[in-house]
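The values are calculated or read from the model by the stated rules, or taken from the named source; none is laboratory data. Just so it is clear, the structure is predicted and the values come from calculations on it, not from any experiment. Virtual Cβ from ideal backbone geometry, glycine too; neighbours counted across all protein chains shown.
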């Protein structure tokens, strides 16, 4: 089964195609908030590189967040539209899972950290298991101080990855000694790899069943709630 993976939950837009033979074509670019104009040409590009037609696809995989609201919505809308048009199933995978998966060979606790803006980050914690990683700390959103407090409470060797870890490197290291390296953005290649494993177990859903992981209300909703709370 050929799988198209669409990843747009952070600053990066990424698209990959792969299946049982692995990832056969991939595209990644980070150019600010231009997800809508980049995504469609990116899909066309990887199809040409893989020498396949959209009708050859058997499943659409998509990053369901958490992440930047606009980028997530662009990716989800495109993925759902393709899946509905092609009448094929979908697989949704968390951006935190995608950041942790490439670090599956480390003995440290893997902590993907995504910049949530407004001085906050999304994070979760994972540990190595045979063949991959397993989440050991639920996805959370909060200020850097809360992340540092979480790391201190666990008192384990940690590897922090992601654009949030990169942006707040000094603040994290000032409060907790850990390693900060590895992927900055979720990988569309990892998305295809993880989706392929789930597809083999037939763990897919209909497009209408895919839901984003926000962890925090969209900015417009937050602003409206703040406005309503004023006297």
Open item on the list: Quick check on this structure: which one of 68, 86, 54, 82 is under 20 Å from residue 198 (Cα atoms) and without any contact (Cβ under 8 Å) to a residue 60 or more places away in the chain?
Closed with: 86
- [ ] Could you list, in sequence order, all residues of region 100-119 that are surrounded by 19 or more Cβ atoms within 10 Å (Cβ to Cβ) and assigned to a strand (DSSP E or B)?
- [x] 109, 110, 111, 112, 113, 114, 115, 116
Task: Of all residues making up region 30-80, the number that are over 14 Å from residue 9 (Cβ atoms) and outside any helix (DSSP H, G or I) - done: 10
- [ ] Considering every residue within region 134-144, establish whether at least one is crowded, with 16+ Cβ neighbours inside 10 Å, more than 19 Å from the chain's Cα centre (by Cα), in a helix (DSSP H, G or I) and not assigned by TED's automatic domain parsing to the domain that holds residue 70.
- [x] yes
Task: In region 168-197, the residues that are out of contact with any strand residue (DSSP E or B) (no Cβ under 6 Å at 6 or more places or on another chain) and closer than 18 Å to residue 105 by Cα - done: 181, 184, 187, 190, 193, 197
Task: Positions within region 20-29 being outside any loop (DSSP other than H, G, I, E, B) and surrounded by fewer than 19 Cβ atoms within 10 Å (Cβ to Cβ), in sequence order - done: 22, 24, 28, 29
TODO: State yes or no: is residue 83 under 17 Å from residue 186 (Cβ atoms) and either part of a helix (DSSP H, G or I) or in contact with a helix residue (DSSP H, G or I) (Cβ under 6 Å, 6 or more places away or on another chain) (or both)?
DONE: no
Task: residue 195 being modelled with pLDDT of 95 or more, more than 17 Å from residue 66 (Cα to Cα) and assigned to a helix (DSSP H, G or I) - done: yes
Open item on the list: Being more than 17 Å from residue 209 (Cα to Cα) and surrounded by fewer than 17 Cβ atoms within 10 Å (Cβ to Cβ) is the filter here; which residues of region 59-96 pass it?
Closed with: 70
- [ ] For region 2-16, indicate whether the set of residues that are at pLDDT below 95, in a strand (DSSP E or B) and surrounded by fewer than 24 Cβ atoms within 10 Å (Cβ to Cβ) is non-empty.
- [x] yes
TODO: Return the total of residues in region 30-45 being within 21 Å of residue 184 (Cβ to Cβ) and either surrounded by 13 or more Cβ atoms within 10 Å (Cβ to Cβ) or not assigned by TED's automatic domain parsing to the domain that holds residue 8 (or both).
DONE: 6
